[in-house]
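Engineer: This is the structure I want to talk about, given as structure tokens.
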Amino acid sequence: MVPKSLDIKLAKIKANRSCREFIIADAKDADMAYGIAAPGKSPEHYAQEGRFRSLPEFRELIRQVVRQGLVDIMLMSAHTNAILAIQERLFENSHVTPAARANDTTDIHVVREGVYIREPSRPFRTATIEQIQCGKVECADHERALGANLGLYSVTFNNDLELDRQTLNAYREFRLEAERKGFRHFLEVFDPNAAINPVPPEKLGGFINDMIVRTLAGVPDSGRPLFLKMVYHGPKWTEELAAYDPQLVIGILGGGAGTTYDAFKLIAEAQKYGARVALFGRKINMAENQLAFIEMLRRIVDGQISPEEAVRAYHGVLQGLGIRPYRTLEDDMQLLTPVMSYAAPTQVVVPAGGRAAGRSNGSNGSQNAARKPAAQAASPDRPAQTPATPAVASSPARPVSNGQGHPNLAAMTPEERLAYHRERIRRI
């Protein structure tokens, strides 16, 4: 069995919080939330024409990302996990860890004409732990390693005593069952989806932090999550949580697709202020080229390239591959803040060069922004109706070693970086 990079990195992070190790997860579990739209738009989608990908096409993208080897975790539905992990043995000789969504609370039931996401979240689980581990209702001990032995468990606190008590009770029962069956998990904490007693936006980060540490205070090491997945509420609240318990590994979720700069800036900012994991679903799945997009995410967290350079390099790769970008380079460099809920596609413009309103003092700028009109920006699902990025002359790639066996991108010219990334993606 190939050692898993997740376990190696977690051990290093726990031993030295100042290390640069960073975990990236591709969240390909959308079929546990959406209906037909879960796999995303087909590449043939233009304007009002086109179709959604099929599940086989969606799963082929998962295979490609796993074979690329730049993510540490591949999060899937229990059904996809049964096909790729158990039947195909996709992860057997890979350092990528398979994981499956272990519950699907009602606030992620996003279906056409559905109203569930407007109601306060209720606990619900479709898959069982055994079905994730071995693909059937009952597992023999030796079968528990056939599938994924890592699951995402999601909670949504709405500041309502009875509803939040139900959520906590359901999580307790899951934890006890998982511990008995040797099943590991990480904890996703959504912002309130329909709070009966709303928390002021500028105080939401504090509410979520307190709910997290209170929820885990009574849980010994044997039952604790490996790490968190939560909304990035800004520097103040991220630093507060990281300082409170250095053994608590903070991960951020991606939210809506947004611009390329949204994703690249988000992962850089979160890492800067204490996060050590990023779990991006729609941001990866809606990218024009997922392998190139992931390549840039990895370069950013490894300190080899800035978010701004990464956007330009990504567009250079698209141009080299003959892929039409959704937006012009200028539009894709705009910083937008998607509403950080599972279903909401609304986007708002944030002034260039600044954080979302209230971010500097720890407020949840994304939720403040939700009350404003949406920006007139190209949809993540629809290419911009403007000319493609102008051609950029490139010189042959001359990767300069940084002394650790990696190319020193900072020492290259912009043209050399573009050429290097084009060639790397071409080889992939």
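Engineer: Among the numbered criteria (1) part of a helix (DSSP H, G or I); (2) surrounded by fewer than 23 Cβ atoms within 10 Å (Cβ to Cβ), which one does Gly182 miss?
Structural biologist: Just one mismatch for Gly182, condition (1).
Engineer: Mind checking which residues of the range 263-284 are surrounded by 24 or more Cβ atoms within 10 Å (Cβ to Cβ) and under 27 Å from Lys41 (Cα atoms)?
Structural biologist: Once the filter is applied, which keeps residues that are surrounded by 24 or more Cβ atoms within 10 Å (Cβ to Cβ) and under 27 Å from Lys41 (Cα atoms), the range 263-284 yields Ala263, Phe264, Leu266, Ile267, Val277, Ala278, Leu279, Phe280, Lys283, Ile284.
Engineer: Still on this model: Report, ordered by the first and then the second residue, all pairs with beta carbons closer than 7 Å, sequence separation of six or more or different chains, a first member in the range 216-231 that is buried (at least 18 other Cβ atoms within 10 Å of the Cβ), and a second member that is acidic (Asp, Glu).
Structural biologist: Lys229/Glu188; Val231/Asp191
Engineer: Does the range 64-85 include one or more residues that are over 14 Å from Ser154 (Cβ atoms), of a type in the set (Asp, Glu) and touching a strand residue (DSSP E or B) at 6+ places or on another chain (Cβ under 6 Å)?
Structural biologist: yes
Engineer: Pairs needed: first member in the range 239-267, in contact (Cβ under 8 Å) with a residue 12 or more places away in the chain and at positive phi; second member anywhere, assigned to a helix (DSSP H, G or I) and not aromatic (Phe, Trp, Tyr); C-beta distance under 8 Å; at least 6 residues apart or different chains.
Structural biologist: Gly255/Arg282; Gly255/Lys283; Gly255/Ser366; Gly258/Lys283
Engineer: Which residue, of Val199, Val189, Val213, is farther than 24 Å from His109 by Cβ, β-branched (Val, Ile, Thr) and under 26 Å from the mean Cα position of the chain (by Cα)?
Structural biologist: Working: Val199 fails: farther than 24 Å from His109 by Cβ; Val189 fails: farther than 24 Å from His109 by Cβ.
Only one candidate passes the filter, namely Val213.
Engineer: Select from the range 93-109 the residues that are touching a helix residue (DSSP H, G or I) at 6+ places or on another chain (Cβ under 6 Å) and among the aliphatic types (A, V, I, L, M) and write down the one among them that is nearest to Leu163 (Cα to Cα). Even if it seems obvious, please write down each step before you answer.
Structural biologist: So in the range 93-109, the residues touching a helix residue (DSSP H, G or I) at 6+ places or on another chain (Cβ under 6 Å) come out as 94-98, 100-101, 104, 106-107, 109.
Adding the requirement that they be among the aliphatic types (A, V, I, L, M) leaves 96, 100.
Working: Val96: 36, Ala100: 25 Å.
Selected residue: Ala100.
Engineer: Those residues that are out of contact with any helix residue (DSSP H, G or I) (no Cβ under 8 Å at 6 or more places or on another chain) and closer than 21 Å to Thr97 by Cβ, I need them from the range 176-186; list them, please. Don't jump to the end; show me each part of the working.
Structural biologist: Step one: filter the range 176-186 for residues out of contact with any helix residue (DSSP H, G or I) (no Cβ under 8 Å at 6 or more places or on another chain), giving 180, 182, 186.
Residues satisfying the conditions are Gly182, Phe186.
Engineer: Out of the range 311-345, which residues are touching a strand residue (DSSP E or B) at 6+ places or on another chain (Cβ under 9 Å), modelled with pLDDT under 85, buried (at least 18 other Cβ atoms within 10 Å of the Cβ) and assigned to a loop (DSSP other than H, G, I, E, B)? Working first, answer last.
Structural biologist: Our first condition is that a residue be touching a strand residue (DSSP E or B) at 6+ places or on another chain (Cβ under 9 Å); within the range 311-345, this holds for 324, 334-342, 344-345.
Pick out the ones that are also modelled with pLDDT under 85 and you get 336-342, 344-345.
Okay, now just the ones that are also buried (at least 18 other Cβ atoms within 10 Å of the Cβ), so 336-342.
Correct list: Val339, Met340, Ser341, Tyr342.
Engineer: Among the residues of the range 15-51, count how many are modelled with pLDDT of 90 or more and in contact with a Ser or Thr (Cβ under 6 Å, 6 or more places away or on another chain).
Structural biologist: 3
The values are calculated or read from the model by the stated rules, or taken from the named source; none is laboratory data. Computed from a predicted structure; not experimentally measured. Every residue, glycine among them, receives a Cβ derived from its backbone with ideal geometry; neighbour counts consider all protein chains shown.
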